[in-house]
Each structure stands twice: as C-alpha cells, then as structure tokens.
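The values are calculated or read from the model by the stated rules, or taken from the named source; none is laboratory data. It should be emphasised that the depicted structure is a prediction, and the values quoted were computed from it without experimental measurement. So basically every Cβ, Gly included, is an ideal-geometry build from the backbone, and we count neighbours across all protein chains shown.
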C-alpha cells in the first residue's frame, strides 16, 4: 500500500498536501495538432474518424485539415483568433476544429439550432469574428463576420501541400473557448489552452487511452465533455466514432455503441440513469464507462456495477474552468446505494484543496470550498477581468509562482480514505443534464418575456432522471401569457436544457421579513398539471388512454390532456426515451422521432397503427383485496399440464433450475429470511396444483411463517462430475461439481425449492428449482432481484423493504379470462392459418420418421463461439437493422436448410408473454412461443436472409397474444415446433434486475430437465464477450455424434457469416450434411 492510500482519522489537514502530489510527466510543451501529427506519422493508415459509412484515416484527416487551415490563414485567422464553428456534430465538425487549431486560432462551437439572438450574444462574448459553417445564416452577415463555407469537405482528396508552413503553436496558446452560464443571462467565455487539454489525456490513471481505444463522440459539441471524446482519441492514436443522432435516442445510441465496437464512453449522469433503467444491454461491451456532468445516482451506479462486471466505471468531476475532469473516482469497490458516490482524487497534474473561509486547509472530514489548481485550470473569462480575478486566485502551494487555483463554489470534504465527497453548492447554482445553471440568470431571461412581471426558478429533485427546473412567474394584470410563448421567448437566451420544464403562475412571489425572495415558501410543483397552451381534453380512444397512462407514469403528473404537449408538460429528451421504452413494453413501438414530431397523446396514438396496440393490451383491473385462494389456470399453465397428462413420462422435463455463484459467503439464516420475504410477496412461489372434478386449478398457500427450508450442502473436496446428459450448471467449469438437480413433481408443496452448496476454496453456489407451471425465464431476474433487496432490508435496517406488489399472478389469470377477445383470437388464428398454410414437416433423412406421440428422451451438447464472433455478430445486427436474435435464428435456419435440403422452414421461438407492463414485476408462468416460418429459396445471401427472418419475426410478434398451444390445436399442426431457437441474455431473463453485492449475475445458468419434446432445441447464451451454445436433441432422432456435428457446423457458420455476410448460403454451408 502506498503512502497516499493509508486511511486516516478525521482531522489532519496536512493529508491534503499528501493527496495532492499528482505531478506526472506529459507533453507539457506541446500542442493538440503536434500530438495528432505525431500519431499520424506513427500510424498514417490507422482509422481516425468514423461517421456513418465514412471512415477517415489519420493521414486523410491530417491532409484535409492542413488544406482548410491554409484557407483559414488566407481569410485572416491569426494567433489566438477565436473562430466560431457552426454545424451539427459530424466528422466535418472535427475536421474544422483541427483546422482552426492548426491555423493558430481557437475554436468556439455554436449550436446551429440556436436562435440568431443567442448566436449573437455567444459570438460577442467570445470575440469571434470568423465563422466556419455548412449553413447560410443571416446572422453571420449581420455581425459582419468573415464566413468560411465548408461544403463537401471529404468529396475529393486533399490538394498537395502548398509549401507554406502553418504556424508553430505554443502549449500556453488558446485552444478553444467554452461558454457557461453568466450573470444577467450573458454567457461567460472560458478560455482553455492546449496544455490544459494535453494534461487531461496524457500521464493519467483514470482512463486507458491509446491506439486500441474506440471513443464515441455523442456529447453536444458545445459541451466540454466533447474535448475528452474527440481529442482523447485523436491525440492518443485511437478512433473517434461520431454519433449523429440525439444522445437520448437510445435505439440509435445502442446501434452506434454496439455496431462500431465502442469501448470507451462518456455519459451525463441523467442519461446514464435512463440507459441503466431502460436499455443497459447496450453498455455490456464497454471497456470503460465515464459518468458525470452532475451528481451521480448511487442506486444506478450500484445497478451498473452488477450489470457491467467487466467495465471500468469512473465517476468524473470537473467544472468547465478546469478542462473537463479535475477529479475522478474509479469504482473498484461496490458502492453503497444509500450513500453518495465520491468524486475521487485529483487527476494527474491537478490539485484539489478543500479550504476554509480564511483560505487555510480544512481538516479531513471538514466541509469547505473546493479550489482546483494545476495545469488544467483555464486562463480565465474573456472580457471579464474582474470576474476572472475573483474566480481564478493565486495558488500559494503551487510549484510555480504563477500557479492559479479556480474557486469552484462547490462544497466538498476529504474522506479518511483519501477521496473527495461532493456536498453541493455554496450558492444556488445547479447542473441540469450536464449544463451549469444559475437560477438568477434564468430568472433574468424570464423577466424579458412580454407580460411577465417577475419570476423565480427552483431546481426540484423529484425525478430519477435528474433535477428539473421549475419557473414561478407573476403575470402582469390583464395579460394572458401562455407557457409555450414563455418557452419560445427564452430560447433566445437559454440552451434547451435550461428552459424550465414546469411553469407555475403565482399571484406574487413570497418574501422574507427582510424583503428578499423566500424560495422555501414557493409551492412545490407536486403532480398537478402545469400551465400549458392546450385546453384540457379527455382521451377518446383506448390507445389515447394507454399513451396518457404512460405519460403520467413518466412525467409524474396526475392529469394530462390528450392534446397536451409532452415537452410543455416538462418532458425532455431523456424522459422521451423513457416514455418510448414504456410504450414499447405496452405494445406500441415508435421510433425516436415520433415523440418530437407528434408530442401529444393524440398524435402518438394516431401513429400506433389505428389503435391496434391498445386493442391487444386491454387495461388490467386493479388488484382486489382478499378473494379466493384458488383460481383457474392461465393458457401457459394449461399447456404445460396438458403435456404432462398426455405424456406422463415427460413430467420431469418441466423443472427450471437456476444456479448462480455468490461473490461471498452468506449466512444461511439471512438467506432463509430473505426467501420468506420473497415467497410471501410473490404468490407463485407458494402456489400448488390441485386436480378436482372440474379439472386442474391453482391454489395459493397462505403467507408462510417460514419458507421451504434451504438445503445447505457442504461439498467435499472431490465430488463426482455430473453425468453427460446433465444440464449446464454454473459450477461445472470450476473444479468441484455440484449434484444434478432433482425434478419437482406436481405433488410437491410448494413447487419450489432452494439449495446452497458450499465448495472448498471456491465460491458457494445457490440453486433455485421451480416447476415451470409457476415459473419462467423472465422470473429468474425478478426472483434474484427481490432476494437481493430482501437481504439488504434484513442486514441494513435503514433499507426500506418492498411493499405488497400491486398486481399478482391471479390478477393476470383473471385478466386473461376476458382478454384477448374472441375477435382478436379469430384474427390471430386467421393470420396463423395463412402464415402456416401448405407447410410440410422437415425430415433430415428417410430413417427419421416423425411421430408426435413419441416421448423422445433428450440429451445435449455444448459449445462456445470463437473469440470475437459475438462482437462481429452484434455489429452485423446493428449494420443490417436487425437484432442479435434475428442474426442467430437466421444462422440456425441456414444450417437446417443445409441438413434437410428444404427451403421452407419453420422454427419456434419463445416470448415472455408479458404484454402489459403491470406484470413486468410478477413472478409466474407467462411463457409463450411463436412460429417463425421463412422461405430460403432463390439462393439468398446471408444479408438477404436476415431481411426475411426479420419480417417473419415482426409478423409473428404482432400476433403473439394467442397461446401457441391454441394455435397448434386450432390449425392442426401438432409437432410443428420440432426445431426451436432461444437467445437468452440479460434482457430476456431480466438479469439487469439481479443486483446484489453477493450475486454474480454473469455466473447465472438457467436450464430445464433433460427431456425434450423437440427434435432440436438450440439455446444461445449471450455472455457479453462470447456466446454459449447449448443444443438439446431427441435421442430417438439423433445420435450424439450427429448432434455434436450439427452444433459444430452452426458455430462454423456463425464465424463465416460474421466475416462474409454478403456471401450466398451455399458458399457458407459447403460440406454441411448428415453423414
């Protein structure tokens, strides 16, 4: 342990000096272009920029930027001239930034969507007289600025060097100007030097940068996080991937991250929260994830640590005045979700002192103002010498006499372990989605609006996606001021992130006895409908009611009219992403543009295919109190019991076993208590099956005083390995094997058991066995999540335990009795009759005659995908506009085609069966499957096959509401699901919910009994880095070598198709056939 890592007791101010020894070697006398050109000389043909399909090498970027730099010099750009760059985020924007630097200037990035008035103030504040742009804006002519238009910058090769040398740059020369909130609504122009940027990226420990890194540029280019995203790649030899879409468009963000194999990503804390809540799978391939821009949510960090065990997660802190990051904390230890996440220590060549009001060092544990020093401190504010003098003060502890500290205005304290904890602001400044805001500045802008006499602004922390700004306005008597008019007017003054989300009209602002504004007396916005431009109108259709229900849940507003604008109600791009995710779970799938083009419930409902989604998602009645403990069966349960009655010998096939390694030993008594809590919450875990005169019924046992006892097994050093036919378990690769699970019979009470296996010198394994009639794959993550929360409530008394669930499985059964209606069932059966018309069963050979009455005992073979194949397949899926499921299902069909010689193929695939969000948190058997019929004729390439499988999948999913057993019985195709494919990932098993310090989510294995009712059942496990492939097969249909050969050919096909997706299937399946 180094001296810096030795914990201390509270007190000891001198430890601050020890923790601020951060001097490291870095190119402090160089510049950004000099370092970029050094990387170009080292690897001229390396990939520098990716923007859509355009891929630019270092050599090309160097030559094109040289050409533009010479043009800028010809237009009069000289040393430290501020050049505005006004264009959307793109590779052309990066080219222009580099060219400005090479010409000796400093760039200022402008948002082309800003109003002319705002652009005028920004350019005036920064002193920009030259504009590089792709747009024709009259404001540039009005400002009499020199305008350099950049059109088709990449359309032709760069011209040969002119022989004119570009200027030599100094490390202390100005690199860029970044604008932050200033007094009276005027922006402050922060001047950042080349040296400050290089100190951010060289000689640091918080992140690994270099030739192998791929960084995503998704931050707003005006935001200083883009400094890290762009130059973190280009001055270190990596690749910068430019994301053209909105950062909050989760679908396009995921496509960029996965499709371009991004390994290093920065997200604002608010966006990070939404991604973790809605689509965490997109982050699973990351090597490094940096979050910041505002206070991070400990709960979301806690969740991320469970979901992303192989990702380096860093909490970054730094005002714009200290060049992106001043302090960073790499989260190597599990965070406590009930405590704030530290901001860490100062990065290399940076200091962070907590000072008392008299300027002396605060003791460890003592709050004070955070002063940041070192080479990352900006030069000051352009044109504001007095403000610069107040904020940038002399650093008496600096090694150089000209050392300066920035007075951040942030309150912090040093913790005994040598980490800084952020405590808030000493003024009213807040951060909204990464943007620094002074409420007083926003109030100034509001008072400029015609009809507004006075205004006050509060930052209200009542949303998981971060704080929202609430404006309280006093309207002049006799004037009508609409909320939309106010927002439109302040857009001339404020960026979108700082436009108040909620507008509340008040008669007068409350004052203290001394006559000052009493912010504490302002009314809390609550859940009331805010002032909006539309008159309130009730929804008129089921689809409109569904959309409004999801808006209410997303925005936290109790009453929303059908014509209320989502963004007027306080929504933003992050909340729009959350709303779209909720609508998707409810059966309405819309792209990210929909809510921006049609921001009302009526507009969104009109896009939802004429109300079809709502017809397939009837409202769920609220949970009734009490009631009979016995209830009818769901269609899924009826299907399972029907199969068992028809084939009693297959009864053992319906046990689902979940095995998971525990990161640490757990007290069996605590585990026993946690199971009791979960079983009492979730009725399915205390449900039994009873057969009476009228058939099978489910009975829910009363709340348990104690759960089914946990079987604690202390394994010896040597335990016999599992039999070859055993299902894959979490522990089979770790030396000591655990016993095979025993099947659960329908006569057991309840249909659920748990075992804890303690293994010498290895992690313990928890195994949970449940009968499929009360459990499914989706339930796995729900159960582990509830266990984790229950354990936390038991061992941490301050943790609030879960209350009763709002919906139970019996509520689902009652809902299914009335829905889908017979009309919908008839429509779906008609679709399936047409979809499956003329299909003939596949035979692999004349000796393999299909007999649906055959019991067919099952066995299995297992394989792993080669390294790199999983990432290549994800990239292929993103590039082709499909999903990993579609890609792997198409590969399965291609192999079946090669073996059978048939071009008309049918497989079945599982779906969760939870078509209503009310049941997302309910454990039970909702399971369903759909048929995917695909025509492989015409010698298609694999890319063409992907399109066919995608359309087949979408059509099947649109008609998934009638259970597959009903479809098979009605159409008379018993046994059509001989070939099945399933892709299991964190989403399909809800493993994103399985978070706990003691649960290793990556070790989870879920499997059912060895028997199978299908010829071939291919199950793929997406483990992030590789794919685990399990093929179950009927021993009456296939010999073990044949099954192994089919799986081996499937693995080969995945590798070949990933590398050559444009090849025809015949070329990819050469040599595949039954021996």
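A compact table of results
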| quantity | calculated |
| --- | --- |
| Every residue from segment 1022-1049 that is in a loop (DSSP other than H, G, I, E, B) and under 13 Å from residue 984 (Cα atoms) | 1023, 1024, 1026 |
| Which listed residue is modelled with pLDDT under 80 and touching a helix residue (DSSP H, G or I) at 6+ places or on another chain (Cβ under 9 Å), from 745, 803 | 803 |
| Candidate set: segment 556-613, residues that are at pLDDT below 75 and over 24 Å from the mean Cα position of the chain (by Cα); chosen: the one surrounded by the fewest Cβ atoms within 10 Å (Cβ to Cβ) | 610 |
| Residue 653 vs. criteria touching a residue at least 40 places away in the same chain (Cβ under 8 Å), in contact with a strand residue (DSSP E or B) (Cβ under 9 Å, 6 or more places away or on another chain) and not in a strand (DSSP E or B) | yes |
| Residue 325 being within 23 Å of residue 497 (Cα to Cα), in contact with a strand residue (DSSP E or B) (Cβ under 7 Å, 6 or more places away or on another chain), in the same structural domain as residue 52 (by TED's automatic domain parsing) and assigned to a helix (DSSP H, G or I) | no |
| Residue list for segment 147-157, restricted to those being at pLDDT 80 or above and surrounded by fewer than 16 Cβ atoms within 10 Å (Cβ to Cβ) | 149 |
| Inter-residue pairs, beta-carbon under 8 Å, first over 13 Å from residue 321 (Cα atoms) and in segment 378-400, second surrounded by fewer than 15 Cβ atoms within 10 Å (Cβ to Cβ), 6+ apart | 397/17; 399/23 |
| Qualifying residue in segment 1047-1062 (condition: outside the structural domain of residue 282 (by TED's automatic domain parsing), touching a strand residue (DSSP E or B) at 6+ places or on another chain (Cβ under 6 Å) and at pLDDT below 90) | yes |
| Number of the exception - residue 440 against (1) under 30 Å from residue 108 (Cα atoms); (2) touching a helix residue (DSSP H, G or I) at 6+ places or on another chain (Cβ under 9 Å); (3) modelled with pLDDT under 85; (4) in a strand (DSSP E or B) | (4) |
| Condition met for residue 165 (touching a helix residue (DSSP H, G or I) at 6+ places or on another chain (Cβ under 6 Å) and either at pLDDT below 85 or surrounded by fewer than 19 Cβ atoms within 10 Å (Cβ to Cβ) (or both)) | no |
| Residues of segment 1009-1021 satisfying the condition of being modelled with pLDDT under 85 and either touching a helix residue (DSSP H, G or I) at 6+ places or on another chain (Cβ under 8 Å) or assigned to a loop (DSSP other than H, G, I, E, B) (or both) | 1009, 1010, 1011, 1012, 1013, 1014, 1015, 1016 |
| Residue list for segment 633-661, filter: over 30 Å from residue 763 (Cα atoms) and modelled with pLDDT under 85 | 642, 643, 644, 645, 646, 647, 648, 649, 650, 651 |
| Strands (runs of 3 or more DSSP E) enclosed by segment 340-422 - at least 1 residues per element that are crowded, with 23+ Cβ neighbours inside 10 Å and touching a strand residue (DSSP E or B) at 6+ places or on another chain (Cβ under 6 Å) | 350-355, 368-374, 404-414 |
| Unmet criterion (only one of (1) farther than 30 Å from residue 808 by Cβ; (2) part of a loop (DSSP other than H, G, I, E, B)) for residue 894 | (2) |
| Breaking point among (1) over 30 Å from residue 965 (Cα atoms); (2) at pLDDT below 85; (3) out of contact with any helix residue (DSSP H, G or I) (no Cβ under 6 Å at 6 or more places or on another chain), for residue 671 | (2) |
| Those residues of segment 659-695 which are in a loop (DSSP other than H, G, I, E, B), within 13 Å of residue 791 (Cα to Cα) and more than 32 Å from the chain's Cα centre (by Cα), in sequence order | 667 |
| Residue under evaluation residue 944, criteria (1) closer than 18 Å to residue 1067 by Cβ; (2) crowded, with 22+ Cβ neighbours inside 10 Å, criterion not met | (2) |
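Every residue, every condition in (1) closer than 24 Å to residue 55 by Cα; (2) under 10 Å from the mean Cα position of the chain (by Cα); (3) surrounded by fewer than 22 Cβ atoms within 10 Å (Cβ to Cβ), yes or no:
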residue	(1), (2), (3)
245	yes, no, yes
250	yes, yes, no
262	yes, no, no
278	no, yes, yes
285	yes, no, yes
290	no, no, no
293	no, no, no
297	no, no, no
304	no, yes, no
